[in-house]
Amino acid sequence: MSLRVCKRNRRDHSGQCGDVIMEVEKRAFSLNEFCNRYGIGRTTAYEEIKAGRLQVVKAGKRSLVPADAAESWLENLPSARSTS
């Protein structure tokens, strides 16, 4: 997930940013963002955390899923079997 950020908040008449636009990659996701991005429910996410398959870090009371941990979790999911 990347965010488009205007370097300065100038806009032309079309509403477009008139300055440099940077792409900023998210380095961590809230649990809700992770669930929405990867299509799983909160209960499943907490089960994955408890089982040690999904790494989280704490920022105060918030649980954050680092982007590399999210990708690692996805890559380590078992393959689906095809039914012929």
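The values are calculated or read from the model by the stated rules, or taken from the named source; none is laboratory data. Bear in mind the structure is a predicted one, so any value in this text is a computation, not a measurement. With ideal geometry, Cβ positions are generated from the backbone for all residues, glycine too; neighbour counts draw on all protein chains shown.
One residue stands out among those in the stretch 11-47 that are part of a loop (DSSP other than H, G, I, E, B) and of a type in the set (D, E, K, R): the one that is modelled with the highest pLDDT, which is Arg27.
Looking across Arg53, Arg81, one residue alone is among the basic types (Lys, Arg), assigned to a loop (DSSP other than H, G, I, E, B) and modelled with pLDDT under 95. It is Arg81. Among residues of the stretch 56-82 that are over 15 Å from Phe34 (Cα atoms), those with a Cβ under 9 angstrom from a residue that is basic (Lys, Arg) and surrounded by 10 or more Cβ atoms within 10 Å (Cβ to Cβ), sequence gap 6+ or separate chain, pair up as Asn76/Arg53; Leu77/Arg53. Scanning the stretch 27-84 for residues that are of a type in the set (Lys, Arg), in contact with a strand residue (DSSP E or B) (Cβ under 9 Å, 6 or more places away or on another chain) and surrounded by fewer than 13 Cβ atoms within 10 Å (Cβ to Cβ) yields Arg27, Lys58, Arg62.
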